[in-house]
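**Student:** To start, I am sharing the structure in question, which I have written as structure tokens.
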Amino acid sequence: MRRVFNKIDKPLLFVSLISLIFGIMMIGSASSLKSYMTYGENYHFLVRQVFFSIIGIVGALIVIRIPIKRYNKIIKLAVVVIIGLLIYVLIKKDVINGITGWLSIGGFGIQPSEFSKTITILYLALTFEKVMKNRMSNVFYKILPFIVPLIFIFLIYKQPDFGTMIVLAGICFIIFLVVPYDKKLKLVITSLTVTCILIMVLAMVISGKGLSNSQKERFNYKAPCTRYRKKTGYQVCNGYIAINSGGLLGSGYGNSKQKYLYLPEAHTDFIFAIIIEEMGLIVGAVILLAYFIIIWRILMIARRSYNIQGAIICYGIATYISLHIIINLGGVLGLLPLTGIPLPFYTYGGSFIINLLISLGLVQRVSIENKMFEQKHLVR
């Protein structure tokens, strides 16, 4: 294990662990009142988040020790399992927060759609490594791998989980740009994709179909405080109040006023607003800096990758984390519609934190294999 530790990316590890620990602390503060009112004790959500984080850390440690090439044996099975679970939750129709994407196991809610992000990245990485290694120049072999994520996207759209669908589509688009296709082929496929999306959006606007009423309401996100008494403005406006109340230094840990039922999603969607209220804008800026370091280190590992497989994994996971940050903070600040997308390390939730930590474990595995490759060639 010491040999493995020597090859992992230390800055990425330390910043990730600090973010995880601080995130757990803030979830404990933001969720304390709701925990007490719902379960009669203050630490229900905190304890569960610690439990989820431990599972995620164990998963990451396992992933770090497994060579990426070994996933070739199980990736197809993983794809089939995720597709099966996505179909199952649609049939079961257990609606939570307007989405039929939840699977209940032993009192815990699991979202298969969260794990579809990492499975997509790993599947595309392994598949394109084979395509490039075998020099399959046929357009069919270059397009075929994206069929699997398109199935994921369609099934997630039917839940309907618009936010996760956007994240998954964004991951696929960046990976498409990373793969060394012919420039003309990329231009043609990009043009066709953009045209199809525009036609679909136009058809939805004209027909009024394709989006649920709750999803349509989310597009009414500008000037939220003018709609304070309505669902479309209440949460975001209270988020503004929390941020404005925090100032530079905040009111102190545990002293948020907006978590007293003004922000019903204080420990999930609006955790960043609570952090600013309690810890101040300076801490908020430090969190953004930590995100920058994490994404920068992942991109550096991607650039040092000696094969397309490692590059796709790192670029895909960097995109995954970046989109979650942009969409969540965009919703909190009223710049984008609210979609329920979690904020990495800080939003309460089991499926997301487990998948996030496993994803970071994959990045560390790429870092290890990069250094093993460099050492092998230096010896020669």
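**Student:** Using θ = phi - 60° and the Karplus curve 6.51 cos²θ - 1.76 cosθ + 1.60, what whole-Hz ³J(HN,Hα) does each residue of the range 32-47 get, with Gly and Pro shown as x?
**Tutor:** In residue order, the calculated couplings are 4, 5, 4, 4, 5, 5, 8, 10, x, 8, 7, 10, 4, 5, 4, 4 Hz.
**Student:** Spin-label point model (7 Å from Cα, Cβ direction): what's the TYR39 to ILE66 distance in nm?
**Tutor:** About 2.9 nm separates the two model spin labels.
**Student:** Would you mind counting up the charge near LEU360? Only other residues with Cβ under 12 Å from its Cβ, with Lys and Arg at +1 and Asp and Glu at -1.
**Tutor:** Neighbour charge sum, excluding LEU360 itself: +1.
**Student:** Quick one: dipole size for the range 249-380, taken about the Cα centre, charges +1 on Lys/Arg Cβ and -1 on Asp/Glu Cβ, in debye to the nearest 20.
**Tutor:** Dipole about the Cα centre, nearest 20: 620 debye.
**Student:** Here's a follow-up. How much area per residue is accessible in the range 37-85 when the probe is 1.4 Å and only protein heavy atoms are counted (Å²)?
**Tutor:** Per residue, the range 37-85 has 63 Å² of solvent-accessible surface.
**Student:** Sorted by accessible area with a 1.4 angstrom probe, largest first, how do TRP102, TRP296 fall?
**Tutor:** I get TRP296, TRP102, largest accessible area first.
**Student:** Output wanted: per-residue J couplings in Hz (rounded whole) for the range 162-176, from phi through Karplus 6.51 cos²θ - 1.76 cosθ + 1.60, θ = phi - 60°, x for Gly and Pro.
**Tutor:** Taking θ as phi minus 60°, the curve returns 5, x, 5, 4, 5, 4, 5, 5, x, 4, 4, 5, 5, 5, 4 Hz for the range 162-176.
**Student:** While we're on this one: Place the peptides 281-290, 147-156 in order of packing, highest mean first, counting for every residue the other Cβ atoms within 10 Å and averaging per peptide.
**Tutor:** Result, highest mean first: 147-156, 281-290.
**Student:** Applying the Karplus parametrisation 6.51 cos²θ - 1.76 cosθ + 1.60 with θ = phi - 60° to the phi angles of the range 144-157, what ³J(HN,Hα) value in whole Hz is obtained for each residue in order, glycine and proline being reported as x?
**Tutor:** 3, x, 7, 5, 4, x, 5, 5, 4, 4, 5, 5, 5, 4
**Student:** Accessible area of the range 228-380 with a 1.4 Å probe: how many percent of it is carbon plus sulfur?
**Tutor:** After summing per-atom areas, the C and S share lands at 66 percent.
**Student:** Based on the alpha-carbon gyration tensor of the range 230-317 and its eigenvalue square roots a ≥ b ≥ c, which shape applies: rounded if a/c is under 1.5, prolate if not and a/b is larger than b/c, or oblate?
**Tutor:** Here the range 230-317 falls in the prolate category.
**Student:** Cross-link partners among aspartates and glutamates for LYS93, C-alpha distance below 16 Å, same-chain residues fewer than 8 apart left out?
**Tutor:** Correct list for LYS93: ASP161.
**Student:** Okay, moving on. Multiply the residue gap between LEU248 and ILE282 by 0.36 nm, knock off their C-alpha separation, and tell me the result in nm, one decimal place.
**Tutor:** 11.7 nm
**Student:** What shape does the range 1-40 take by its C-alpha gyration tensor, where a ≥ b ≥ c are the square roots of the eigenvalues and a/c under 1.5 counts as rounded, a/b above b/c as prolate, and the rest as oblate?
**Tutor:** Since a/c reaches 1.5 and a/b is larger than b/c, the shape of the range 1-40 is classed as prolate.
The values are calculated or read from the model by the stated rules, or taken from the named source; none is laboratory data. Here the structure is a predicted model, which is why all the values come from computation and not from measurement. Every residue, glycine among them, receives a Cβ derived from its backbone with ideal geometry; neighbour counts consider all protein chains shown. Keep in mind that these areas ignore ligands, DNA and RNA; they rest on the heavy atoms of the full protein, side chains included. Shrake-Rupley method; radii C 1.70, N 1.55, O 1.52, S 1.80 Å.
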